[in-house]
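Reviewing the structure listed below.
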Amino acid sequence: MPRESFAARQARTLAIIAGLKRAYPDAHCELNFSNPLELLIATILSAQCTDKQVNLVTEALFQKYRSAADFANADLAQLEHDLRRIGLFRNKAKNIRACCRALVEQHGGEVPRTMDQLTALAGVGRKTANVVLGNAFNINVGVVVDTHVARLSERLGLTKETTPEKIEQALMKLVPQPDWAMLSHWLIWHGRRRCAARKPDCAQCEIRELCPSAA
């Protein structure tokens, strides 16, 4: 297969995006939230845990803890108990309480809207910050790279990079900035519904003709 130029790969990427838009017109963040704080907490909880399990836990959690101050003032043992069905719940409880204490002390209890301010919070890395900025505030600073995005980026031939940081930078060069937040949703939905890790459904794939890995 001849080497693909950047211009050709960018054009193919735009065609892939168009195909995914048609296939998943309702694609969205599958963590349940009603405000930026809830999304921040849910995203911290989602590390090494399914969105479905996080949503089961946060349904009651967000009824009990309604503000950053509520989390900041929580008894740690009680918060751990409330998160016990989440993987790594002890560490996540500690980070959430520390994160919310910083929100109260430094940001008036509000979730900040910049990458630097978000990543300074306990338990918040670039991926979590991108989720919050893109989905709570519609601010496109970067691309969320989870396991689905990483796998499909390689499978679709969008980049040969293997680390989340480098995959993100490669995707940001290929995709128009207004689509950065949605790109991850389209790829995640496709990864969950069509392009599974072990048995991708290439026969029914909506973007098969654009994929160099199609069987």
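The values are calculated or read from the model by the stated rules, or taken from the named source; none is laboratory data. No experiment lies behind these values; they were computed from the predicted model shown. Glycine gets a Cβ as well: all are built from the backbone with ideal geometry, and neighbour counts include every protein chain shown. Protein only, heavy atoms only, side chains kept; ligands, DNA and RNA dropped before computing areas. Shrake-Rupley method; radii C 1.70, N 1.55, O 1.52, S 1.80 Å.
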request  = Scan region 132-146 residue by residue and report those that are in contact (Cβ under 8 Å) with a residue 40 or more places away in the chain and of a type outside the set (A, V, I, L, M, F, W, C).
outcome  = 134, 135, 138, 140, 146
note = Note on region 62-83: residues in a helix (DSSP H, G or I) and either farther than 12 Å from residue 93 by Cα or touching a residue at least 40 places away in the same chain (Cβ under 8 Å) (or both) are 62, 63, 64, 68, 69, 70
message = Of everything in region 128-179, what is on the phi > 0 side of the Ramachandran plot and open to solvent by less than 50 Å² (accessible area, probe 1.4 Å)? Give them in sequence order.
response = 157
task = Give the residues of region 26-60 that are part of a helix (DSSP H, G or I) and surrounded by fewer than 21 Cβ atoms within 10 Å (Cβ to Cβ), sorted by residue number.
result = 36, 38, 51, 52, 53, 55, 56, 57, 59, 60
request  = Restricting attention to region 63-87, report how many residues are closer than 21 Å to residue 112 by Cβ and surrounded by fewer than 18 Cβ atoms within 10 Å (Cβ to Cβ).
outcome  = 5
query = Can you find even one residue in region 206-214 that is open to solvent by 20 Å² or more (accessible area, probe 1.4 Å), of a type in the set (Val, Ile, Thr) and at pLDDT 95 or above?
reply = no
Residue 169 vs. criteria among the polar types (S, T, N, Q) and free of Cβ contacts under 8 Å to residues at least 24 places away in the same chain = yes
query = Looking at residue 18, is it open to solvent by less than 40 Å² (accessible area, probe 1.4 Å) and hydrophobic (A, V, I, L, M, F, W, C)?
reply = yes
task = Evaluate the following for residue 117: is it on the phi < 0 side of the Ramachandran plot and more than 20 Å from the chain's Cα centre (by Cα)?
result = no
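Please indicate, with yes or no, whether at least one residue in region 101-119 is closer than 23 Å to residue 163 by Cβ, open to solvent by 20 Å² or more (accessible area, probe 1.4 Å) and not acidic (Asp, Glu).
yes
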